[in-house]
């Protein structure tokens, strides 16, 4: 009986560690096919401050990828990155005719009128983020299968789109628009005024996410879930308990 309880506590700890942190607002209704949940919260009210730099790049249990800071505002690069310990996914940036400069999809810093609006406030400095522009796309390819995708979504616009590709055949690959997010999360307003921290749960595992926008722009920063202190404590207690059981078994032998 004790061995069962210890194993259960380890399993529960591991399950919680892989579960996105709870958000303050709603789980979406009328979800697109293949989507099990949309949770999130507004992190920038109209006319108010954007993501507080005092919170660093971790907001309510979601750790945003840190792309560094730039020396000047505007487009920085359209060169992607490979998957690594720092970035758990490869980033591929596509532009029609190999376009570069402001108006091309890629890494941006600060805001550029009519092209991209930074999801970070000025006190964060020129923190870089990704922006998908018309006639381009940004593709994220995860190194391992995922069932949840989290991101800081800058100015949630109806013309923004996320397409996820399931690893298995059968279920239709889901596509979400800014409208789906606006319907799911209370407090979001019309295009171009509100940022949100969003977590999307999927019914099946996926590796690939494609970000597009028919109008400037879809500004975002991918994120990964960070286990809460209570989760880490539970996981640690389970592992310690498992170690104690193994020690007893060795002594019995």
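Readers should treat all values here as calculations from the given coordinates under stated rules, not as data from a laboratory. Bear in mind the structure is a predicted one, so any value in this text is a computation, not a measurement. Using ideal geometry, Cβ is built from the backbone for each residue, glycine included, and neighbour counts are taken over all protein chains shown.
Treating r as the C-beta distance of residue 99 and residue 30 and R0 as 30 Å, the FRET efficiency rounds to 0.25.
Between residue 183 and residue 214, the modelled label-to-label distance comes to 1.6 nm, taking each label 7 Å out from Cα in the direction of the beta carbon. Label sites at residue 77 and residue 92, each approximated as a point 7 angstrom past Cα along Cα to Cβ, lie 1.9 nm apart. Between residue 69 and residue 159, the contour length at 0.36 nm per residue exceeds the Cα-Cα span by 29.6 nm.
Maximal additional length on extending the residue 85-residue 175 stretch stands at 29.6 nm, based on 0.36 nm per residue less the C-alpha distance.
Rounded if a/c is under 1.5, else prolate if a/b is larger than b/c, else oblate: which is the range 22-225, with a ≥ b ≥ c the root eigenvalues of its Cα gyration tensor? Since a/c stays below 1.5, the shape of the range 22-225 is classed as rounded.
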